[in-house]
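Structure, as structure tokens:
The values are calculated or read from the model by the stated rules, or taken from the named source; none is laboratory data. The model shown is predicted, which means the values in this text are computed figures rather than measured ones. Here the Cβ positions follow ideal geometry from the backbone for every residue, glycine too, while neighbour counts run over all protein chains shown. Calculation scope for accessible area: heavy atoms of the full protein, side chains included, ligands and nucleic acids excluded. Shrake-Rupley method; radii C 1.70, N 1.55, O 1.52, S 1.80 Å.
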Amino acid sequence: MQPETYTLMHRMYCVASSKSEIEIVLRRFKEIFDATKNSGKRDDQFDAAWALSCTAGLYARLCEPYLAEQSYREAIKLFDKNRMAMNAATICVALATFFWEQGRIHEAEAMLKQNIVYLIRHWGSGNRHVLAAEEELMHFQLTEQIIEASRHRWCKACNVDDYGVGFDFEDTDKAER
Ligand SMILES: [Zn+2]
């Protein structure tokens, strides 16, 4: 696809708000998927997986969690099959967030772990992107929250205290109330 097609489709994806608008955009992404899924070209395989991941987000907005999950999983599988580990990782985080929003904590955790597997495949272990993902997983296991943990400078749960302020003041604060 042309670069402007991605831009246009992405804009449609973002702007669609009513049920009928979302359904129209959904049809466009399905057309892209159908036109590219059987192609042997790497670019087409990318487009197919990309269209699937967008389809997933649209299904989620249509309150079709089962279909959304299937699309997310197929997108991950397709990116994986075509050795696009970086893209597979991105969708793992999207699916983790999707599960988390539904209170499906164990499934969210499994996806955050899978994200690390793909990132290691792409970057190698010890890379900063991998370390950030590991930090996110740890924070999630301790708090059941997804927060972009690699950005946190102070977190009692993870024992991160970059400012050296300690972890006691929160309790003191409560005691004063
Ligand atoms: Zn934390």
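Among residues that are open to solvent by 50 Å² or more (accessible area, probe 1.4 Å), more than 26 Å from Ser17 (Cβ to Cβ) and in contact with a Leu (Cβ under 7 Å, 6 or more places away or on another chain), Lys113 is included. If you check Glu23, Glu31, Glu101 for being exposed (fewer than 14 other Cβ atoms within 10 Å of the Cβ) and under 14 Å from the mean Cα position of the chain (by Cα), only one passes: Glu101.
Of the candidates Ala75, Ala94, Ala108, the single residue that is open to solvent by less than 20 Å² (accessible area, probe 1.4 Å) and within 22 Å of Ser150 (Cβ to Cβ) is Ala108. Enumerate the pairs (first residue in the stretch 139-167 and in contact (Cβ under 8 Å) with a residue 40 or more places away in the chain and more than 9 Å from the ligand (Cβ to nearest atom); second residue anywhere and open to solvent by 40 Å² or more (accessible area, probe 1.4 Å) and of a type outside the set (Asp, Glu)) with beta-carbon separation below 6 Å, excluding pairs fewer than 6 apart on the same chain, so at least 6 apart or on different chains. Sorted first by the residue in the stretch 139-167, then by its partner, the pairs are Ile146/Trp100.
Results for (1) under 21 Å from Cys92 (Cα atoms); (2) not hydroxyl-bearing (Ser, Thr, Tyr), shown as yes or no for each residue.
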| position | (1), (2) |
| --- | --- |
| Gln2 | no, yes |
| Tyr13 | yes, no |
| Phe29 | yes, yes |
| Ile32 | no, yes |
| Thr36 | no, no |
| Phe46 | yes, yes |
| Ala51 | yes, yes |
| Thr55 | yes, no |
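Could you check the stretch 78-91 and list, in sequence order, the residues that are open to solvent by 60 Å² or more (accessible area, probe 1.4 Å) and part of a helix (DSSP H, G or I)? Passing the criteria: Lys81, Met86, Thr90.
Filtered by the rule that a residue be out of contact with any strand residue (DSSP E or B) (no Cβ under 9 Å at 6 or more places or on another chain) and outside any helix (DSSP H, G or I), the stretch 126-153 gives Gly126, Asn127, Glu144, Gln145, Ile146, Glu148.
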